[in-house]
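Participant: Have a look at the structure that comes next, please.
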Amino acid sequence: MEMKTILAGSTININRSDGRVHPAVVVAVNQEGNFVRVEWFENGETKGKDLDFNVAAMLNPNLKMSNSETSPKFAKPNNVENCFVNPQRRGIPVNNRRTNVGKKRLTSNMLSEISTPAETIPKLNSSRSQCRELQNQNTVIQEVDSKFQKNKYEKRHKQQPISTATKKSQSNPYRQLATMVAEYRGRLTFEPLAMDDVVEDHQITVCVRKRPMNKFELNKNEVDIISVPRKKTLIVHEPKTKVDLTKYIENHTFKFDYSFDEKCDNAVVYKYTAQPLVKTIFEGGFATCFAYGQTGSGKTYTMSGDVIGTDSGIYALAITDVFRLINSPKFRHLNLSVSCSFFEIYSGKVLDLLNSKSVLKILEDGKQQVQVVGLKERYVTNTNEVLALISKGDILRTSGQTSANTNSSRSHAVFQIYLRKNGSVHGKLSLIDLAGNERGADTFSADRQTRLEGGEINKSLLALKECIRALGRKGAHLPFRVSKLTQVLRDSFVGNNSRTCMIAMVSPSVCSCENTLNTLRYADRVKELGSGDHTNESTVTNGKFDYSENVSSVHSVENNSKQFAEFQQAENRLFNNHRSILVKLAEAEREGQHLLKMTNNYEFDKKSYVDKFENLVDDAISNLLVSKDYIDDFKSKMPKF
């Protein structure tokens, strides 16, 4: 059989997607791309496609590919140049996306004008053997195409995981921060708190607990910016950016009585916080333990434990120790009975969680003892009864959705354990799960009710801090009347044998950095750590560390300049607060004068007058407490000249 070369203008057999095989005219030959461009006339219009050389050779065994050495790259017969007789398509450019050649199309007259040997064009109405041969060729073509598509899919499938991981790594905005934090941690020596460490005796114990990263934070590729190198030290790696957009971390070091890392369970936390308080109430004292921190930081988990009960909270561990000590030989002769109460403080109201959230009143008796009128106490004999009461109260506790937590506790839950001897109180332990504190900027987009809740929570937390600080200074004034929370806990503050423990809960993610620093500074104020080793230290980390003695003087100058800058910031905040407090006091004076005019009328609404006057006084005290906080901050940063 004579072998003919495929050139532009040649007629070859092609296959269609529906299985048909018919002739078409070669318009262009692309040897670099290893394909030919063919066109044919069908149903009154010109159609075309690209055909691979190998497929064309299988359909046309009597033809061979053109060779660049023996034939031109694109050879066309003379009659192809003038074969475009359709006037409607004249002048319309046709762009071939693969070869950029074949700018013209074929018409119906082209097939008759091209001089091609008749024997090279197979007839459509061929014999049965020819049809069978064409079908076999079509089957081979489909197999080749199937293998090609399969190999293409497998190649993409293998590359997909690598491509996705690379994109995920490149899109992580905290990659540089994670590197800097890892470098800093590599220079630390970790000696965390252990279960066999000695429990120290403090009247006011302030500790901090770091929770592990949750799934939501891990999915967002957030960085853990809190390190707990030693049992009393916690470091916050705050991300910063210079004026020239250089990123660095500022390391804030805080020191407390105990620091719990994410590996410590509730049993370890209980041993160093609430367990010493249980012994205090058996000795006739009043003790208070509360969890404080940002919403979603793990306060309720610490106090109540997890849902499935594998990690019991402080409630369950404390009541277990109470029943153990009652039956011990040391205290069995006292014949003590145990009772419990559970209530919440929400928006200035006291609600009994063991009595269908009935509203309670807080009054003082003739002995100036605070009494919660209507509060129900339940006598209990074992741990299971207490856990049932706690479970019942948790269901009724007020919660809501905030910017940081979809199920945030919006009230202070107070669980109290009483030891009574012949009806009188022998000792009392108050375990408090405080509501999550929030910044005003976080509640800016919230509704009015959420903002009011946040304002009431922050006011009670400020009052609680002042009461605890006054407890550490004997003879200082106790502002317990500022909030309902401090009123209820008055006997825990004024008693001769009173002890307090605060557990500051912090979130480790970088997005909670500002809230974490606020929580730690609050706890630092409560403890009133002095200067020297206990002062909050800040170290700028940008590049390599140098601990040589030759640069000690330079570090001293940098520390002094940094302390002076912090002092100036505290001074500016104090002055701004001073101006704003004068404006608020002037507004309060005008409102007070307006209320005083109400008393000129004999039939004025006395209840409305008392309520408005009480709100006016509470707001004034709250504003003054905020100013007191600014004053203390200014005094603590005042340089010692």
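Participant: Taking only protein heavy atoms and a 1.4 Å probe, what accessible area per residue, in Å², does the range 238-335 have with all protein chains in place?
Facilitator: With all protein chains present, the range 238-335 gives 41 Å² per residue.
Participant: How much accessible area per residue does the range 585-641 have, counting only protein heavy atoms and a probe of 1.4 Å, in square angstrom?
Facilitator: 76
Participant: Along the Cα→Cβ direction, 7 angstrom out, place labels at ALA565 and LEU188. What is the inter-label distance in nm?
Facilitator: 2.3
Participant: Between GLN203 and MET638, what FRET efficiency follows from the Cβ-Cβ distance if R0 is 22 Å, with the result rounded to 0.05?
Facilitator: So, using R0 = 22 Å, E works out to roughly 0.25.
Participant: Using DSSP to define loop residues, name the trypsin sites (Lys or Arg not before Pro) in the range 255-288 whose beta-carbon has at most 12 other beta-carbon atoms within 10 Å.
Facilitator: Filter output for the range 255-288: LYS263.
Participant: Right, next: For the range 1-60, which GluC sites (Glu not before Pro) are both in a DSSP coil and crowded by at most 14 other Cβ atoms within 10 Å?
Facilitator: Answer in residue order: GLU2, GLU32.
Participant: So if I average 1/r over every pair of distinct C-alpha atoms in the range 569-641 and take the inverse, what Kirkwood radius in Å does that give?
Facilitator: Evaluated over the range 569-641, this radius sits at 14.3 Å.
Participant: Label 7 Å along Cα→Cβ of LEU595; the range 607-641 residues with amide nitrogen under 20 Å?
Facilitator: 607-627
Participant: Expected output is a single nm value to one decimal: the length gained when fully extending between LYS220 and SER17, i.e. 0.36 nm times separation in residues minus the C-alpha distance. What is it?
Facilitator: Values: separation 203, 0.36 × 203 = 73.08 nm, distance 4.70 nm.
Separation in residues times 0.36 nm, less the Cα-Cα distance, equals 68.4 nm.
Participant: Just to be sure I understand the model, the point goes 7 Å from the Cα along the line to the Cβ. What's the resulting LEU582 to ALA267 distance in nm?
Facilitator: 6.0
Participant: Now for a separate question. Could you work out how far apart the two model spin labels at GLU143 and THR179 are, taking each label as a point 7 Å from the Cα in the direction of the beta carbon, and quote it in nm?
Facilitator: Label at GLU143, label at THR179, 5.4 nm between them.
Participant: Which of LYS299/LYS361; LYS465/LYS607; LYS459/LYS607; LYS428/LYS484; LYS255/LYS637 have a Cα-Cα distance over 21 Å?
Facilitator: Values: LYS299/LYS361 27 Å; LYS465/LYS607 31 Å; LYS459/LYS607 24 Å; LYS428/LYS484 18 Å; LYS255/LYS637 17 Å.
As for pairs spanning more than 21 Å Cα to Cα, those are LYS299/LYS361; LYS465/LYS607; LYS459/LYS607.
Participant: Moving on. Using packing as a proxy for protection, rank 13-22, 479-488, 380-389 so that the peptide with the highest average count of other Cβ atoms within 10 Å comes first.
Facilitator: Ranked by mean Cβ neighbours within 10 Å, highest first: 479-488, 380-389, 13-22.
Participant: Under the rule a/c < 1.5 gives rounded, and otherwise a/b versus b/c splits prolate from oblate, where does the range 300-389 land using the Cα gyration tensor?
Facilitator: Oblate, because a/c is 1.5 or more while a/b does not exceed b/c.
Participant: What do you get for chymotrypsin sites (Phe, Trp or Tyr not before Pro) in the range 1-48 restricted to DSSP loop and a cutoff of at most 15 other Cβ within 10 Å of the site's Cβ?
Facilitator: Filter output for the range 1-48: empty list.
The values are calculated or read from the model by the stated rules, or taken from the named source; none is laboratory data. Since this is a predicted model, take the numbers as computed values, not measurements. Cβ atoms come from the backbone with ideal geometry, glycine included; neighbour counts cover every protein chain shown. Accessible surface is based on the protein model in full, side chains and every heavy atom, while ligands, DNA and RNA are left aside. Shrake-Rupley method; radii C 1.70, N 1.55, O 1.52, S 1.80 Å.
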